[in-house]
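K.L.:
Got a structure for you, questions after.
The values are calculated or read from the model by the stated rules, or taken from the named source; none is laboratory data. None of the values given here were measured: they were computed from a predicted structure. As a convention, Cβ positions derive from the backbone with ideal geometry for all residues, glycine included, and neighbour counts pool all protein chains shown.
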Amino acid sequence: MPARPPTPDRRPLVLHDLATGRIVLVAPRRDERPANAELAFGGRPPAEWCPFCVGNEKLTPPAVLQAPADPLAPWRARVIPNRYPFVEPMVEQAVERAPPGSPAGGPGRPAHGEHEVVIESPRHDTSILTVDEDSWHDAWMLVRRRLEDLAARDDLAWGMVFKNSGSLAGASLEHVHSQLVAVDFLPGLLAAECAAAAARADPFADLLAEAEAAGRFVARAGDLVALVPPAPRQPGETWILPVAREAHFHATSPARVAALADLCRDVVGRLERILPGCDYNWWLHEAAWRNAGPAADRWHWHLEILPRVAQLAGFELGTGCHVTSWPAGETAARLRDAR
Ligand SMILES: [Zn+2]
Ligand SMILES: [Zn+2]
């Protein structure tokens, strides 16, 4: 590993490349994360070393939220601060150095926000498919509630929950978990999605109608649908969204939270059957928390599930365009049949 440059302050920074518009978060302390804990502790039961297993709560910061809320009751799911965050709550010194808002060029500014871990099972489950149903539903309710809390803060602009499942997807611990991040700016991909939506009268209604007409619906739960998007980036890419307009998951009903919990597990089960053992990422997109523009009332929050079958190669990294071997319709047919 190359020597680290001297960093008198090892707090995370936002760097903004004005020539490309690219934003990079620099978090030097993430080098200190334990690598491959499973290998390092090989042979010893997870209960002795896994920081996410029940009984090892002393290995992590105290929970921000947990279910059930009674601290004396056995927990089924919990949200904790990330020990190696790439954004951090603002401190007084940072407020003096740069105000929150859109990133600017130059040497960078403090990366202000919250970075947390959602532990979705007290047991050492390594697949979401084996998590106890109550824990799984509770974990999604905690996500909804935490996003609602963060969205109410005027120092934050937007946030999302995301999952890295498997080493190809970036996971560093195998115990099932997701991460929740809130930042003080709207990331470029979201700004682009909002701009594309603003150019159409009813973008998600069009997306749903086109997918249904083209046979790209995969499954339904409640009033949510899982569908293959018009331009899937990898074999098996699937999105889940409500049929009705709803810009913010953090304002949705408990019934929709439960439907999302059930449907994402359904989709991952189907992926496991057509792409056994595949790693995957997912992330939940909701509209900006304020000043979301004219498209906000026509937006639908959505969960994008992306299997990591092929590596991102030069063309993808150099152009932002993806090359895949599975046409969208074929992907949908395979997923529908994989019951
Ligand atoms: Zn564990
Ligand atoms: Zn999206």
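K.L.:
Please determine whether any residue of the stretch 118-131 is among the basic types (Lys, Arg) and away from ligand 1 (no atom under 16 Å from the Cβ).
P.N.:
No, there is no match, as no residue in the stretch 118-131 is among the basic types (Lys, Arg) and away from ligand 1 (no atom under 16 Å from the Cβ).
K.L.:
Check whether at least one residue in the stretch 163-173 is within 16 Å of ligand 2 (Cβ to nearest atom) and crowded, with 18+ Cβ neighbours inside 10 Å, and report yes or no.
P.N.:
Taking every residue of the stretch 163-173 in turn, at least one turns out to be within 16 Å of ligand 2 (Cβ to nearest atom) and crowded, with 18+ Cβ neighbours inside 10 Å.
K.L.:
Wholly within the stretch 20-137, which strands (runs of 3 or more DSSP E) include no fewer than the required count, namely at least 3 residues that are at pLDDT 95 or above and under 19 Å from the mean Cα position of the chain (by Cα)?
P.N.:
Answer list for the stretch 20-137: 77-81, 113-119.
K.L.:
I've got another one for you. So, in the stretch 213-252, how many residues would count as being surrounded by fewer than 19 Cβ atoms within 10 Å (Cβ to Cβ), within 16 Å of ligand 2 (Cβ to nearest atom) and more than 22 Å from Asp297 (Cα to Cα)?
P.N.:
Counting residues in the stretch 213-252 that are surrounded by fewer than 19 Cβ atoms within 10 Å (Cβ to Cβ), within 16 Å of ligand 2 (Cβ to nearest atom) and more than 22 Å from Asp297 (Cα to Cα) gives 3.
K.L.:
If I go through the stretch 279-291 residue by residue, how many of them are among the hydrophobic types (A, V, I, L, M, F, W, C), surrounded by 19 or more Cβ atoms within 10 Å (Cβ to Cβ) and within 14 Å of Thr238 (Cα to Cα)?
P.N.:
2
K.L.:
One residue is enough: does the stretch 235-252 have a residue meeting the conditions hydroxyl-bearing (Ser, Thr, Tyr), free of Cβ contacts under 8 Å to residues at least 24 places away in the same chain and closer than 24 Å to Ala288 by Cβ?
P.N.:
No.
K.L.:
Have a look at Asp206, Asp266, Asp262 and point out the one that is more than 16 Å from ligand 1 (Cβ to nearest atom) and closer than 30 Å to Pro85 by Cα.
P.N.:
After applying the criteria, what remains is Asp262.
K.L.:
Shifting gears a bit: Test Glu246 against the criterion of being more than 20 Å from Leu207 (Cα to Cα) and of a type in the set (Asp, Glu), and give yes or no.
P.N.:
When the stated conditions are applied, Glu246 does not pass them.
K.L.:
I'm trying to understand the selection: among the residues of the stretch 217-236, which are touching a Ser or Thr at 6+ places or on another chain (Cβ under 7 Å) and in a loop (DSSP other than H, G, I, E, B)?
P.N.:
Val228, Pro232, Arg233, Gln234, Pro235, Gly236
K.L.:
Now a separate question. Name the residues in the stretch 266-307 that are within 14 Å of ligand 2 (Cβ to nearest atom) and part of a loop (DSSP other than H, G, I, E, B), would you?
P.N.:
Glu286, Ala287, Ala288, Ala292, Ala295, Trp299, Trp301
K.L.:
Just a yes or no: is a residue in the stretch 206-227 of a type in the set (Phe, Trp, Tyr), farther than 17 Å from Arg339 by Cα and modelled with pLDDT of 95 or more?
P.N.:
Checking the stretch 206-227: not a single residue is of a type in the set (Phe, Trp, Tyr), farther than 17 Å from Arg339 by Cα and modelled with pLDDT of 95 or more.
K.L.:
Which pairs do you get when a residue that is closer than 23 Å to Cys278 by Cα, found in the stretch 129-149, comes within reach of a residue that is assigned to a helix (DSSP H, G or I) and not hydrophobic (A, V, I, L, M, F, W, C), reach meaning Cβ atoms under 7 angstrom, with the pair 6+ apart or on two chains?
P.N.:
Qualifying pairs under 7 Å: Leu129/Arg265; Leu129/Gly269; Leu129/Glu272; Trp136/Arg265.
K.L.:
Quick check on the stretch 317-330: of everything there that is touching a residue at least 60 places away in the same chain (Cβ under 8 Å) and assigned to a helix (DSSP H, G or I), which residue is surrounded by the most Cβ atoms within 10 Å (Cβ to Cβ)?
P.N.:
So the residue we want is Ala328.
K.L.:
Have a look at Leu189, Leu150 and point out the one that is closer than 16 Å to Asn82 by Cα, more than 16 Å from ligand 1 (Cβ to nearest atom) and either at pLDDT 95 or above or out of contact with any strand residue (DSSP E or B) (no Cβ under 6 Å at 6 or more places or on another chain) (or both).
P.N.:
Unique residue meeting the criteria: Leu150.
K.L.:
Also: So which residues in the stretch 166-179 are under 11 Å from Glu120 (Cβ atoms) and within 14 Å of the chain's Cα centre (by Cα)?
P.N.:
Val176, His177, Ser178, listed by residue number.
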